[in-house]
Amino acid sequence: MGHPRRRGHPHAHHHHHHVRCPRRIALPAAALLLFLAVSLLSVSILSAPPLEDRHGLTSSSSRRSLRPRERNNSGGELEGTESVEAFTVPANGLIGRYDLWRSELASNFYGCSISSSKFLDSNMSTQPDRYLIIVTSGGLNQQRTGIVDAVVAARILNATLVVPKLDQTSFWKDSSNFSEIFDIDWFISSLSKDVKIIKEPPDKGGKAMRPYKMRVPRKCTPRCYLNRVLPAMMKKHVIRMTKYDYRLSNKLDTDLQKLRCRVNYHALRFTDPIQELGNKLTQRMREKSRYFIALHLRFEPDMLAFSGCYYGGGEKERRELGAIRKRWKTLHIHDPDKGRRQGRCPLTPEEVGLMLRALGYSSDVHIYVASGDIYGGEDTLAPLKALFPNFHTKETLSSNEELAPFLKFSSRMAAIDFIVCDESDAFVANNNGNMAKILAGRRLYFGHKRTIRPNAKQLYPLFMKRGNLSWDEFSSQVRIIQNGYMGDPMEIMPGKGEFHANPAACICGMPQRNSGVIPSSRSNREPVNITEIRKTIIQQPYPVYTDEEADVSDTEDDPIGRGDATDAEADDDSVVRREDPELEEILSD
């Protein structure tokens, strides 16, 4: 009679030597093992840390997506989503490694924008019958760049500048004029030695002079203005330039760059109502904590749709953002993940929070968030609020009565955020828009205040693999990646990047104490500029051009001089329609 077959040992009848445990021993042993397993499981469940306790915080982003992972009809995860195991984020910050709130080297540098003795007074340089009118484009900060460059363009042309006309028809739909956002009288008077500025267009015989409308290419050099605009100005006398944003070269001679700084950092002051509320909100943040972080968070549906970036939200995200994207017929997205890999996409609110915590900011830090409508609403913001529970906005800090006069004006609301962000101890943005750039440059100029620029290209793969890392490993790599992106002096080489973000010509270094050089009391020269210290870029003296010089190589990015065609006598609106301005304006601020 053969041996019976047993489960798990189909050929047990061949192993006559197999040792079997007697039944009276096997049953108690099995019971004991089961008891131990249940006990260990109970202990592990009871000892698991809650979402946030005195020990730390568990990262609630166990996925790439903005919402819980979606599943397809067959029960599998949708393509593009990726599970990432959570790790615990300690509540305390990093102590003793470096100062999170200021740069140790900041005291060695200061903002300097005084012109040289070669820069003539406007009374001597301004020519009669030359007037420049410009119409800005985009949101508050894009318009700010246009205003700054318009002053410099007027100086290049030796013309009188009419107070710039703000964009009231763009995506941002703000009807404010210049004097409702900026102190117009201070603007005119503070620049009186540099450029003559008038409030209204000139008239002749009681009638307004009809302007000659034209456009210059992006990043037009001084040569470009003298060759393309000056001849028309000398003939027509009044030039109106439309859609004026980034229409002046990034690289100019030192005196013109310093003029940019005088306009941006000294002449452009907000009106008293805006400035007063901004100061109040800053003071209220100071009452809550000695230091605070300001975050400029761009994560609106329109912006994400235009960016073409994919955040792992499955078919729902593709459907919702795809519907918005259909507004722009010229917008084609071929590889939604590519932008994230290349660092061209905004970080998610949670990713910004994880980066800040990894840098060493603790959970009790107060954070001011300047943002619009966030895609995904509170669900998207929840991980950031869990990482930084002391979460504030202008809406939470102000009363309804205080905010009411500004609610209908996007640029005035943005100006309030600008003031609080500028006054913060540490500033960070999840994107590289105009507000982030202008504030980065401004904070460098006024003392190298801590300004964090996310190194998105290097952070993205780290965020994607964080499920395989401990918190210590993750935070250590974040600090390595962000080295050189923290707003310290000399991080960016002079001449690199946009001048508004890196105003190197306006940052001067203190004289060396032991250099043996004794400053002369009779000398009006400024201390050595960092461009001279680094010797990385040799700036050419301001050129003098003749009418006979050929119109070539007169734009920074257009060496053959084609650029945008001059659009003489064209209607402003027709010019704008051809370029579909929303494609640029949504990302502008």
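The values are calculated or read from the model by the stated rules, or taken from the named source; none is laboratory data. Bear in mind the structure is a predicted one, so any value in this text is a computation, not a measurement. We place every Cβ from the backbone using ideal geometry, glycine too, and count neighbours over all the protein chains shown. With ligands, DNA and RNA removed, areas are computed over all heavy atoms of the protein, side chains included. Shrake-Rupley method; radii C 1.70, N 1.55, O 1.52, S 1.80 Å.
Inside the range 302-359, counting only helices (runs of 4 or more DSSP H) that do not spill past its ends, which hold 1 or more residues that are in contact with a strand residue (DSSP E or B) (Cβ under 7 Å, 6 or more places away or on another chain) and open to solvent by less than 10 Å² (accessible area, probe 1.4 Å)?
Working: elements: 314-325, 336-341, 349-359.
Per the criteria, 349-359.
Provide a single number: the residues in the range 456-492 that are in a loop (DSSP other than H, G, I, E, B) and either over 25 Å from Gln142 (Cβ atoms) or among the small types (Gly, Ala, Ser) (or both). Outline the logic, then answer.
The first filter runs over the range 456-492 and keeps only residues in a loop (DSSP other than H, G, I, E, B), leaving 465, 469-470, 483-492.
Next cut, either over 25 Å from Gln142 (Cβ atoms) or among the small types (Gly, Ala, Ser) (or both) only: 465, 469-470, 483-484, 486-490.
Qualifying residue count for the region: 10.
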So which residues in the range 299-340 are touching a Pro at 6+ places or on another chain (Cβ under 9 Å) and of a type in the set (A, V, I, L, M)?
Met303, Leu304, Leu321, Ile324
Evaluate the range 164-181: report whether one residue or more is at pLDDT 95 or above, part of a helix (DSSP H, G or I) and within 26 Å of Met124 (Cα to Cα).
no
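Would you point out which residue out of Lys213, Lys193, Lys199 is surrounded by fewer than 19 Cβ atoms within 10 Å (Cβ to Cβ), more than 18 Å from Cys261 (Cβ to Cβ), modelled with pLDDT of 95 or more and within 34 Å of the chain's Cα centre (by Cα)?
Numbers: Lys213 fails: surrounded by fewer than 19 Cβ atoms within 10 Å (Cβ to Cβ); Lys193 fails: more than 18 Å from Cys261 (Cβ to Cβ).
The conditions single out Lys199.
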How many of the residues in the range 394-412 are part of a helix (DSSP H, G or I) and more than 17 Å from the chain's Cα centre (by Cα)?
13
Within the range 123-140, of all residues that are surrounded by 23 or more Cβ atoms within 10 Å (Cβ to Cβ) and of a type outside the set (A, V, I, L, M, F, W, C), the one nearest to Glu200 (Cα to Cα) is Tyr131
Could you tell me whether the range 238-253 includes any residue that is hydrophobic (A, V, I, L, M, F, W, C), in contact with a Gly (Cβ under 8 Å, 6 or more places away or on another chain), more than 25 Å from Gly111 (Cβ to Cβ) and assigned by the TED database to the domain that holds Asp129?
no
Going by the conditions given, is Thr451 of a type in the set (Val, Ile, Thr) and not in a helix (DSSP H, G or I)?
yes
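Looking at the range 92-136, which of the residues that are assigned to a helix (DSSP H, G or I) and under 20 Å from Met510 (Cβ atoms) is nearest to the chain's Cα centre (by Cα)? Outline the logic, then answer.
Pass one, the range 92-136, residues assigned to a helix (DSSP H, G or I): 106-108, 122-125.
Filter once more, keeping what is under 20 Å from Met510 (Cβ atoms): 106-108.
Values: Ala106: 22, Ser107: 25, Asn108: 26 Å.
Per the stated criteria, the residue is Ala106.
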In this structure, does Leu157 turn out to be crowded, with 22+ Cβ neighbours inside 10 Å and closer than 20 Å to Arg262 by Cα?
yes
